[in-house]
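Here the structure is laid out as structure tokens; the discussion comes afterwards.
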Amino acid sequence: MALKVSLKPGEQFVVNGAVVRNGDRRTNLILQNKVSLLREKDIMQAEEANTPSRRIYFAIMLMYLDQDNFQKYYDEFVLRMTEFMTAIEDPAAKQNCLSISRDVMGKEYYRALVTCRKLFDFEAERLDYVPAA
């Protein structure tokens with residue numbers, strides 16, 4: 001099944017580890033085979049992984065983009081997820097954690113990233129944390 005991606009002028013994205021930038025016009029790409037793709041808005045820099053849920057997200061993102069170092073990132077994911085789940089009691093947040101773990105085990109990394117973003121909101125409410133813009 002093909003994936004259609006609409007890109008804004010100058011938007012960056014990563015395809016199988018390669019950083020690509022769109023030109024000066026809106027563009028539509030159609031990807032015919034399965035690839036690891038993250039748009040600019042989904043890419044997290046190391047310095048942004050500064051809360052427990054963001055460390056989980058960062059580890060998943062690296063597993064998705066860098067298969068050569070998968071085990072290193074997977075071990076980090078397991079450590080961070082275990083710490084997070086031990087510290088929380090909220091049933092909805094725990095359910096999100098289980099969904100994330102299930103998706104990681106099923107190699108559905110993008111889906112795990114989407115669910116992990118829900119933990120950002122949960123965490124922000126409890127820690128009164130607002131990320132730098």
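Please treat every number below as a calculation from the coordinates, not as lab data. Computed from a predicted model, the values in this text were never measured in an experiment. Backbone-built Cβ (ideal geometry, glycine too); neighbour counts: all protein chains shown.
Work through the residues other than residue 70 whose Cβ is under 14 Å from its Cβ and net out their charges, Lys, Arg +1 and Asp, Glu -1.
Local charge sum for residue 70: -2.
Could you estimate the translational diffusion coefficient of the range 3-42 from the Stokes-Einstein equation, with Rh from the Kirkwood formula over C-alpha pairs, at 20 °C and 1.002 mPa s, in whole µm²/s?
This corresponds to a translational diffusion coefficient of 208 µm²/s.
From Cα pairs below 8 angstrom and at least 6 apart in sequence, can you work out the relative contact order of the range 11-105, rounded to a whole percent?
Dividing the mean separation by the residue count of the range 11-105 yields 20 percent.
Of the cross-linked pairs 41/94; 8/72; 34/94; 4/107; 4/118, which ones have a Cα-Cα span greater than 28 Å in the structure shown?
Violating the 28 Å limit, Cα to Cα: 8/72; 34/94.
Let me have the 222 nm mean residue ellipticity of the chain computed from DSSP H runs of 4+ only, each contributing -39500 (n - 2.57), with the sum over all residues rounded to the nearest 500.
Taking each H run of at least 4 residues, the total per residue is -16500 deg cm²/dmol.
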